[in-house]
Amino acid sequence: MLAKQVTLITGAAGRIGAAAARAIVAAGGRVALADIDADRLGELQSDLGAEDAHTLVGDATTAAGTDTLIAQTLEHFGQLDAAIHAAYPRSKGWGRRFEDLQEPELNQDLARQLGGAILFSQRLIAQFKQQGHGNLIHVSSIQGIAAPKFKHYQGTEMTSPIEYSAIKAGIIAITRYLAKSCKGHNIRVNCISPGGILDNQPANFLERYRADCNDKGMLDAADVAGTLVFLLSEQSRYITGQTIVVDDGWSL
């Protein structure tokens, strides 16, 4: 389905990044796996095989770091057809309640997540324009399209950070901006907005969350990987500037 297409995945050691890599290789593509966690990248490459997966330890939140990742991908594979930006850097203060936010950490998270996504896009699109084609996919969230359901968090230590909502809504906005700005360059830009991903959340949260969904509730990362493969494939060649929601009906 992807016919040896090469996709650079940032945050490849994370749940969505790793699930995307597995799905891409299964569909016939190849992946450049970028993350700062060398050990987890190595484990993922062992699963996928060195012929189809190459690891890149680096920071995708800066222009210089992204330039290095692009150059290393081209050096290894000789081509770069697409990218999935799934990097998810967080400060030590990430996850604090709105009332407890601290300015330095808030600024850091906004800069590295949203600012990093903008810089990553800038460098990737420059490369795509130079080569005459490209496909960029960002990862937003249901929190980017709707307010949190605060009742789900009652009685738990969990919270839904306001900066997360701001960042993910911003990802949707830059996706539309970039897609339109790339008119005439054979470049597509889209994003996905997944529902919550299972990660050892408490049972009372999971029960409330599932009650607002249609069937499964919280998703496994593999549940969104098929949508990413579709957006990378020729079957979606005229889809651009769109946000595809994968949330088992949470947002309905």
Long-range HN-HN contacts of Val245 with modeled amide H, under 5 Å: Ser193
Cα long-axis angle, helix 63-77 against the chain (0 to 90 degrees, to the nearest 10): 50 degrees
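Is the range 21-80 rounded, prolate or oblate when judged by the Cα gyration tensor, a ≥ b ≥ c being the square roots of its eigenvalues, rounded requiring a/c under 1.5 and prolate requiring a/b larger than b/c? Please report the intermediate quantities before stating the final value.
Details: a/c = 2.15, a/b = 1.36, b/c = 1.58.
Cα axes put the range 21-80 in the oblate bin.
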Taking the convex hull of Cα positions in the range 161-201, its mean projected area over all directions (nm²): 3.7 nm²
The range 217-231 - phi-based ³J(HN,Hα) in whole Hz, Karplus 6.51/-1.76/1.60, Gly and Pro as x: x, 4, 9, 8, 4, 5, 5, 9, 5, x, 5, 5, 4, 4, 5
The range 1-146: translational diffusion in µm²/s, Stokes-Einstein, Kirkwood Rh over Cα pairs, 37 °C, 0.692 mPa s: 209 µm²/s
Additional length obtainable on full extension of the chain from Lys151 to Thr62, 0.36 nm per residue less Cα span: 28.4 nm
Apportionment of accessible area to carbon and sulfur, the chain, percent (1.4 Å): 50 percent
Those chymotrypsin sites (Phe, Trp or Tyr not before Pro) in the range 170-252 that DSSP places in a loop and that have at most 11 other beta carbons within 10 Å: Tyr238
Cα gyration tensor shape of the range 147-252, rounded if a/c is under 1.5, else prolate or oblate by comparing a/b with b/c: prolate
Kirkwood estimate for the range 78-217, i.e. one over the average of 1/r between Cα atoms, Å: 16.7 Å
Helical contribution to [θ] at 222 nm, DSSP H n ≥ 4, -39,500 (n - 2.57), averaged over the chain, rounded to 500: -12500 deg cm²/dmol
Square roots of five times the Cα gyration tensor eigenvalues for the chain, Å: 29, 20, 18
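The values are calculated or read from the model by the stated rules, or taken from the named source; none is laboratory data. This is a predicted model, so every value here is computed, not measured. Using ideal geometry, Cβ is built from the backbone for each residue, glycine included, and neighbour counts are taken over all protein chains shown. Heads up: the accessible areas ignore ligands, DNA and RNA and are worked out on the full protein's heavy atoms, side chains in. Shrake-Rupley method; radii C 1.70, N 1.55, O 1.52, S 1.80 Å.
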